[in-house]
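First up is the structure itself, then whatever we jot down about it.
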Amino acid sequence: MKYYLVILFCYMQNVQCNYTFETKYADIVIDHFSYTRNDTFKLKYLINETFWSDGNPVFFYTGNEGDIELFAQNTGFIMELARKFSALVVYCEHRYYGSSLPFGNLSYTNPKYLGYLSSEQALLDFVDVIDILQKSKYGSDGPLPVIAFGGSYGGMLSAWMRIKYPASVLGAIAASAPIWQFTNLTPCGIFNLITTLVYASTPKTFDCSVPIKNLWPAIRRVTKTSEGMAWLSSTWKLCDNITKPADVDKLIDDVIDAIVNVAMMNYPYPTNFVAELPAYPVSAICSNLKDYKTYLKDDKKLITSFVKAFDIYTNYSGNANCNSFSGTPSLGDTGWDFQSCTEMVMPMCSEENDMFETAPWDIQAVSEQCLKDFGVKPRNPSEVILQYGGKNLKYASNIVFSNGLLDPWSGGGVLSNITRTVTAIVIPEGAHHLDLRGSNPADPPSVIRARKFHADSIRGWLQDFYN
Ligand SMILES: *[C@@H]1O[C@H](CO)[C@@H](O)[C@H](O)[C@H]1NC(C)=O
Ligand SMILES: *[C@@H]1O[C@H](CO)[C@@H](O)[C@H](O)[C@H]1NC(C)=O
Ligand SMILES: *[C@@H]1O[C@H](CO)[C@@H](O)[C@H](O)[C@H]1NC(C)=O
């Protein structure tokens, strides 16, 4: 099972998608921690000055694991706020993602090149780009207050930016940032439990986690024979036929990822991600499973009805020739896998009380796999806690953590206020950083309140700054 921290996608009719950004590149040193290695690479960042006027703040998006355009085109809330605050908006790409590759095409070929991919290096990249902005025409009237924004891993980075470099950023909006999804900070089963609860409770009329929990053993039984594998391949119209047990494992992993993605994207209006999805996609999928009780003991019927239900995910557009569950190409899956093998070691497990196949967290097995895949293994599974303070945030300031309670990642998030200026806002009806998306008529009141809380917090920080 893989867990990606992702997703900010355009609401198709949303005008926010139409803002254009100027693309720039900064020369950034490859290794911030070495005085002997001075070679640089081009780090991409995007600027939009539509609303900016002199002396006003910079809204700085701390890019996460994907093409920066993906985030820029799809975080309408930041542009809405920029209009209110006359802010300059900057989206900075994360090194090793998109086109910001320190060693070009070689970047991913060898641990000796990949070793400079880390959140610590990325934060120092952001510090450098902010410095460049301060020294540019934008900062000519004195230092600009910079507010960091981010969603998901990007939200973790925005919070850490404020924690580590308060001289560079005045405050941070950290949306759906699971900064506590680390060893001994959060139980490993919480992610899958929340996903299960979303499927159990979103369809109002029945518990949709029951047919899903029964799906895995059904698939295992049916695919014991090669006839069964052929049956599943053709019933599901799979792009890659299943011919051996390892294929079955992979299929199950992929379907679980897809189920989790759908929970993360359980937005109140149609969105466009890996596939186009309808409003409240969890309910949409589950509605096809509501009669599950009549065929729960019939493996093939259960699988067939799930396949039909999941058509919404694999083939919402109606254009798919065959079904696959592959991710979106603009997200850097390999880079994230590497980071998960070095510092972003997030314990995850499945237990009896969730709807997935039971799977313990096994750091030993994870380390061995990492060694195989990348030639590295976690030095210390608690590295991130040492770097950024873990639960000890009482000396931090000016951070808002927002979490949608329908988001599986909220389990590792900050859900209660820590100090007067390190605050938490919960969005009971929210999925994965719904609050960063542009306003939509279907938004629940709780997300509207969260966005107002963000704006009020920023206003307060700016008042302090200007005084
Ligand atoms: C999958 O199996 C079916 C039936 O045996 C066959 O027609 C099809 O060509 C196979 N597809 C691939 C991609 O191998
Ligand atoms: C996708 O949907 C279209 C239209 O309903 C259908 O003709 C096609 O067979 C579907 N593709 C798959 C792979 O199920
Ligand atoms: C945190 O405090 C703010 C007031 O500063 C309040 O609006 C908010 O609801 C509190 N958050 C939680 C999770 O209680």
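If r is the Cβ-Cβ distance from Asn321 to Tyr108 and R0 is 41 Å, what FRET efficiency results, to the nearest 0.05?
The pair Asn321/Tyr108 has a calculated efficiency of 0.85.
Pop the C-beta distance of Lys290 and Thr225 into the FRET formula with R0 = 30 Å and round what comes out to the nearest 0.05.
Working: r = 30 Å, r/R0 = 1.01.
E(calc), rounded to 0.05, equals 0.50.
Calculate for the chain the 222 nm mean residue ellipticity that helices alone would give, adding -39,500 (n - 2.57) per DSSP H run of length 4 or more and normalising by residue count, nearest 500 deg cm²/dmol.
-11500 deg cm²/dmol
Using the reciprocal of the averaged 1/r over all distinct C-alpha pairs, how large is the Kirkwood radius of the chain in Å?
23.0
Net charge near Ala218: determine it from the other residues with C-beta under 13 Å of the C-beta of Ala218, scoring Lys and Arg +1 and Asp and Glu -1.
+4
Using DSSP to define loop residues, name the chymotrypsin sites (Phe, Trp or Tyr not before Pro) in the range 323-423 whose beta-carbon has at most 12 other beta-carbon atoms within 10 Å.
Those that pass, being in a loop and sparsely packed, are Tyr395.
Rank by packing, highest mean first: peptides 65-72, 449-456, 29-36, with packing defined as the count of other Cβ atoms within 10 Å averaged across residues.
Put in order of decreasing packing, that is 65-72, 449-456, 29-36.
Under 14 Å from the Cβ of Ile47, count the other residues' Cβ atoms, weight Lys and Arg +1, Asp and Glu -1, and hand me the total.
Working: positive: Lys24, Lys44, Lys137; negative: Glu22, Glu49, Glu69, Glu93.
Around Ile47, the charge tally is -1.
For the peptides 104-117, 140-153, 206-219, what is the packing order when you average, over each peptide's residues, the other Cβ atoms within 10 Å and list the highest mean first?
Descending mean neighbour count gives 140-153, 206-219, 104-117.
Would you mind computing, in nm to one decimal, how far apart the modelled labels at Glu351 and Asn380 are, each placed 7 Å from Cα along Cα→Cβ?
Label at Glu351, label at Asn380, 2.8 nm between them.
What residues have an amide H closer than 5 Å to that of Ala424, excluding those fewer than 5 places away on the same chain, when H is modeled at 1.01 Å from N in the peptide plane?
Phe401, Asn417, Ile418
Which residue, Gly332, Pro203, Thr294, has the largest displacement toward the positive end of the dipole of the range 194-382 when charges sit on each Cβ (Lys, Arg +1; Asp, Glu -1)?
With unit charges placed on the Cβ atoms, the residue in question is Thr294.
Residues of the range 279-321 with the amide nitrogen closer than 11 Å to a label point 7 Å from the Cα of Thr235, along Cα-to-Cβ, please.
Of the residues in the range 279-321, 298-308 have backbone N under 11 Å from the label point off Thr235.
Rounding to the nearest 20 debye, state how big the charge dipole of the range 194-382 is about its Cα centre with +1 on each Lys and Arg Cβ and -1 on each Asp and Glu Cβ.
Here the size comes out at about 560 debye.
Kirkwood hydrodynamic radius, computed over distinct alpha-carbon pairs, for the range 194-382: how many Å, to one decimal?
For the range 194-382, inverting the mean 1/r across all distinct Cα pairs yields 17.9 Å.
Sort the following peptides by mean Cβ neighbour count (other Cβ atoms within 10 Å, averaged over residues), highest first: 74-82, 440-448.
Listed from highest to lowest mean packing, they are 74-82, 440-448.
Tell me, in nm to one decimal, what length is gained between Lys301 and Thr36 on full extension, where the rule is 0.36 nm per residue of separation less the Cα-Cα distance?
Working: separation 265, 0.36 × 265 = 95.40 nm, distance 6.43 nm.
Roughly 89.0 nm would be gained on extension.
Provide the net charge surrounding Val307, with neighbours chosen by a C-beta distance below 11 Å and charges set as Lys +1, Arg +1, Asp -1, Glu -1.
Residues close to Val307 contribute a combined charge of +3.
Once fully extended, how much extra length lies between Ser201 and Tyr466, figured as 0.36 nm per residue of separation less the alpha-carbon to alpha-carbon distance? Please report the intermediate quantities before stating the final value.
Working: separation 265, 0.36 × 265 = 95.40 nm, distance 4.67 nm.
Result: 90.7 nm gained on full extension.
Readers should treat all values here as calculations from the given coordinates under stated rules, not as data from a laboratory. Owing to the predicted nature of the structure, the values given are computational and were not obtained by experimental measurement. We place every Cβ from the backbone using ideal geometry, glycine too, and count neighbours over all the protein chains shown.
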